[in-house]
Amino acid sequence: MTTESQHRLSFAHFCKLADGQTYNPETVVKHLQEFQVAIPSWALGAGATRFGRFSIGGEPSSLEQKIEDVALVNKLTQCANSISLHIPWDIPEDATAIQQFAGEQGLHFDSVNSNTFQDHKNQKHSYKFGSLSHSDPRVRQQAIEHNEQVIEIGEALGAKVLTVWLADGSSFPGQSSFKRSLEHTQESLKAIYKCLPEDGKMLIEYKPFEPSFYSMVIPDWGTSLALANACGSNAFSLVDLGHHLPNTNIEQIVATLQWQKKLGGFHFNDSKFADDDLTVGSMKPYQLFLIFNELVGSIQDENSISWMIDASHNLKDPLEDLMQSLQNIQVALAKALLIDQRALKEAQENNDVSMCQQILQNAFETDVRPLVAEARLRSGGVLDPISEYRSLEIRRQLIEARGAHTVASGL
């Protein structure tokens, strides 16, 4: 474990080595302090696979407890000052009181997420065969009304962003018409879009498979982009790192959506195969760095992209996982901010392939942890969040307060 005096030496040494470089360590630290990532309400308990779920104890069983957990993560890391709600898993009984409670904890609500991928209590029509794309207009209308309700809840909480992810698709050839499914989906999304507040945004998420395995109605960024364009200027595509087939060039997708000014949201996670929901940066740290190389131009405008961790798995303490993810996100961002973009552009224009690679690798191989730690300390966080979390025995305290067999609401 690094002591504060050791950190001071490491940070001073980094600044000394940076003398004469194109980047300024103080500027990088400032960007890291300003960069905030939302925590989703479903990431605070143990997730599950299709085969089982293993409780960790002390899981939050109410929205208030989830807010407290996010506030704890933010207190230690100082880079997660917002929460993203999943509806209807986390419908606030009193939106005004919940917004005030979150504010007292130093948090605000970033976005709200609709759920038409499962049936809910007292629901009249089933989503077994789709929602916004369903062949039955009554089912589509029900799904539209659910999204309208989510927008209303978001407005009451101060959240301006609606995220729409559809489980709609087919598992067998001939099960549904691709064209009609898209037509129904576009018609439904347009109806939802009309209900947005003037300054609201709708993010359309895509996924190539699961829960359907023959086709998904919105399988890729191109379909998401086409639907967003059809809805209007405040509709955007959302990139989830796990929602791609193996070896997909995600950084190129990010660049393309930025080029079209349609990159509205980003969900961080990592994977070995597909939507594994692993700790951010645990499998493909170089890919995360390359993605941030494409994103650094948008970091300056904090309102242009909604940043969120989207993960839920059943092995780690979820709060520790979130802190590790936040650390890896900041490390990737810091490394991307070290890239000499002018030299990289010159090498690209001269088709100097070796130099292009060298410029990127020089930044990627730099140990930027002193910068990340310095940003955290200056913002009021701690030097080593997980060590602090463990030394305070926070999980034990949560188990004592909440019980050993609690299950987070919505999971």
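Given the options PHE266, PHE289, name the one that is touching a Phe, Trp or Tyr at 6+ places or on another chain (Cβ under 6 Å), surrounded by 18 or more Cβ atoms within 10 Å (Cβ to Cβ) and farther than 23 Å from VAL112 by Cα.
Going through PHE266, PHE289 in turn, the sole match is PHE289.
Any chance region 207-228 includes a residue that's touching a residue at least 40 places away in the same chain (Cβ under 8 Å), among the acidic types (Asp, Glu) and over 16 Å from ASP270 (Cβ atoms)?
yes
Restricting to region 110-132, count the residues that are free of Cβ contacts under 8 Å to residues at least 40 places away in the same chain and in contact with a strand residue (DSSP E or B) (Cβ under 7 Å, 6 or more places away or on another chain).
1
Go through region 216-227 residue by residue and tally those that are surrounded by 24 or more Cβ atoms within 10 Å (Cβ to Cβ), of a type outside the set (Phe, Trp, Tyr) and within 28 Å of GLY281 (Cβ to Cβ).
Total satisfying the criteria: 2.
From the list ALA143, ALA167, which residue is more than 20 Å from GLN36 (Cβ to Cβ), at pLDDT 95 or above, part of a loop (DSSP other than H, G, I, E, B) and of a type in the set (A, V, I, L, M)?
Going through ALA143, ALA167 in turn, the sole match is ALA167.
Out of the residues in region 41-60 meeting the condition of being part of a loop (DSSP other than H, G, I, E, B) and touching a Leu at 6+ places or on another chain (Cβ under 6 Å), tell me which one is modelled with the lowest pLDDT.
By that ranking, first place goes to GLY45.
Could you please find all residues in region 361-389 being touching a residue at least 60 places away in the same chain (Cβ under 8 Å), exposed (fewer than 15 other Cβ atoms within 10 Å of the Cβ) and in a helix (DSSP H, G or I)?
ARG378, SER387
Being of a type outside the set (S, T, N, Q), without any contact (Cβ under 8 Å) to a residue 12 or more places away in the chain and part of a loop (DSSP other than H, G, I, E, B) is the filter here; which residues of region 323-360 pass it?
ASP352
Within region 291-304, does at least one residue satisfy the condition of being hydrophobic (A, V, I, L, M, F, W, C), touching a residue at least 24 places away in the same chain (Cβ under 8 Å) and over 30 Å from SER233 (Cβ atoms)?
no
Filter region 141-161 down to residues that are under 16 Å from GLN186 (Cβ atoms) and of a type outside the set (Gly, Ala, Ser) and give me whichever is surrounded by the fewest Cβ atoms within 10 Å (Cβ to Cβ).
GLN141
The values are calculated or read from the model by the stated rules, or taken from the named source; none is laboratory data. Bear in mind the structure is a predicted one, so any value in this text is a computation, not a measurement. Neighbour counts run over all protein chains shown; Cβ positions are idealised from the backbone, glycine included.
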